[in-house]
1. So, restricting to strands (runs of 3 or more DSSP E) that lie completely within region 14-113, which ones have at least 1 residues that are in contact with a helix residue (DSSP H, G or I) (Cβ under 8 Å, 6 or more places away or on another chain) and either more than 30 Å from Ala369 (Cα to Cα) or open to solvent by 50 Å² or more (accessible area, probe 1.4 Å) (or both)?
2. Out of curiosity, is Ile299 closer than 20 Å to Asp195 by Cα, more than 14 Å from the chain's Cα centre (by Cα) and not charged (D, E, K, R)?
3. Mind checking which pairs have a first residue in region 225-250 that is touching a residue at least 40 places away in the same chain (Cβ under 8 Å) and a second that is among the basic types (Lys, Arg) and assigned to a helix (DSSP H, G or I), Cβ under 8 Å, 6 or more apart or different chains?
4. Could you check region 124-224 for helices (runs of 4 or more DSSP H) lying wholly inside it with 2 or more residues that are within 20 Å of Glu438 (Cβ to Cβ)?
5. So which residues in region 361-396 are buried (at least 18 other Cβ atoms within 10 Å of the Cβ) and among the polar types (S, T, N, Q)?
6. Being in a helix (DSSP H, G or I) and β-branched (Val, Ile, Thr) is the filter; apply it to region 463-492 and report the residue that is nearest to the chain's Cα centre (by Cα).
7. When you go through (1) open to solvent by 50 Å² or more (accessible area, probe 1.4 Å); (2) in contact (Cβ under 8 Å) with a residue 24 or more places away in the chain; (3) farther than 24 Å from Thr336 by Cα one by one for Pro265, which number turns out not to apply?
8. Kindly indicate whether Lys225 is touching a Ser or Thr at 6+ places or on another chain (Cβ under 6 Å) and under 22 Å from Gly137 (Cα atoms).
Amino acid sequence: MTTTDNGLHFYGQPTYQQVWQGPTNSISFDLVTIKTKLLTLNQPCYVVKVQNQLGVTNEGYVSHLANEGTKQPPNVMPLVATSQPIAPAQLGDPAFLAFHGLKLAYIGGSMANGISSAALVIALGQAGMLCSFGSAGMVPARIEEAIQEVQRALPNGPYAFNLIHSPNEEALERNAVKLYLQHGVPIVEASAYLDLTAHIVYYRAAGLGVNQQNQIVIKNRVIAKLSRREVAAKFMSPAPQKILRQLVEQGLISELQANLAQQIPIADDITAEADSGGHTDNRPLVSLLPSIIALRDEIQTQHNYAQPPRVGAGGGVSTPASALATFMMGAAYVVTGSVNQACVESGACLHVKKLLAEVGMADVTMAPAADMFEMGVKLQVLKRGTFFPMRAQKLYDLYKEYDSIEAIPTDERVKLEKQVFHRSLDEIWDGCVTFFQERDPDQISRSANNPKRKMALIFRWYLGLSSRWAVIGEKGREMDYQIWSGPSMGAFNDWVRGTYLELPENRHAVDVAHHLMTGTAFLYRLQHLKIQGLQLSPYYGQYQP
């Protein structure tokens, strides 16, 4: 073992078949300048042995050891380890970057109710990164306004819009697709899908054509965010013939488009969504990502696509270490969510951003979801600084136990009105009627003779508005804020503690992304040196903004 007091240790007996040659005054031996050279990612990094000391340099070049007995020049040193230049743009799949016209394999994932705001989409897009607008939960007029705002700022992209599966409010999904096709939205991030619908197939197939070389041209691109193999298989396969035939018969797509849709997968990219904020199955990333990649390879063997779906990952990615692990497992790109919600550009209110900047990894829990309330679907939310998780669970327990609002004991109803709703249940129902008349009138008609469904809509009033309150900063409702977050938010806070990014007002999405990706490239360099036998003190392994 070769060891020095600057925190560099080399284990093993090197043969020194290669040597370094260059200016000896470029070699650093102290901790600070060595780390500076390790961080100079656009230049090679050489670890050399000078007498009994290890040093680091970015200059010079490598050559083979001269013949035995030949006198070595004074500026030739034994080479211990080396690392080639590594840029953040080299991380991920280059085909992903080329296909979407990006500079970094980094996506800002969608967060509903405009938390992934137009400002967030535009900021990341102008920096060469993709971000998906959080259109879930919004009425068509608000989505259209966001489309126009984003397209004015990014006429040539890149940008995406979310398309969320809405089994209980099909009109939302249908109207969103109508808007995306009308305005030429080039990429949708499909999320929370349990199965394929005619709406996502319509969006995909309606953008298909052929060029002069008779090659398939994909105008409408799909990034599917999911956490189940059975759902991934559907998005990795061609569109179902039954749905395509229906679309042709309805005059929505042509015979040519239906035929082309049989030659490509539904999705161009698959995001393996692990333990994320919001809708999540709490899957561990180290198990989920390899499984989805293996499935992709199986399906590619069956279909032999010209371009197989790429697989990226999100949910838990918020530090250089987690991003490096994700890329090393084969991810084509990484997706961030919770960390962007705490950034200046997000649509969340200032109170939420301050709260998110203080949380730890254990400050999250699961609570009933508004959009799939009756199905018992849950999502991951913040439990610190809010009573929402407990109150939402209470509503679901009452829904499961009783068949109507009237069946709930009087004392329980009084508690709901005073502690949760802050108004009478009759007033809330009137508000539901007004709300759904604009959003989805069928919801009201379906509850006319169904008291249990009416109860669900009343409870969903609270679940839906609680996330809205967290966006607009509704005064007096702070303890009811529904704040979507995963444990990655706490990991991010641990990483930036003691730096300028500890303060929420300093968190800008592009700056955060660049630090995260630069830190990832830096850690990759360290790992490359380590596998050559070099051990570095903890000081060198710390990358902070």
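1. Those strands (runs of 3 or more DSSP E) span 45-50, 53-57, 76-83.
2. Working: closer than 20 Å to Asp195 by Cα: yes; more than 14 Å from the chain's Cα centre (by Cα): yes; not charged (D, E, K, R): yes.
Yes.
3. Correct list of pairs: Ala232/Arg296; Met236/Arg296; Ala239/Arg204.
4. Working: elements: 140-153, 170-183, 198-206.
Ranges flagged: 140-153, 170-183.
5. Result: Gln380, Thr386.
6. Step one: of region 463-492, the residues in a helix (DSSP H, G or I) are 463-472, 478-480, 488-492.
Among the residues that remain, those that are also β-branched (Val, Ile, Thr) are: 471-472.
Numbers: Val471: 20, Ile472: 23 Å.
Among residues in region 463-492 that are in a helix (DSSP H, G or I) and β-branched (Val, Ile, Thr), the one nearest to the chain's Cα centre (by Cα) is Val471.
7. Condition not satisfied by Pro265: (1).
8. The answer is yes for Lys225.
The values are calculated or read from the model by the stated rules, or taken from the named source; none is laboratory data. Bear in mind that the values here come from a model prediction, so they are computed numbers and not experimental data. So basically every Cβ, Gly included, is an ideal-geometry build from the backbone, and we count neighbours across all protein chains shown. Ligands, DNA and RNA are excluded from the accessible area calculation, which covers all protein heavy atoms including side chains. Shrake-Rupley method; radii C 1.70, N 1.55, O 1.52, S 1.80 Å.
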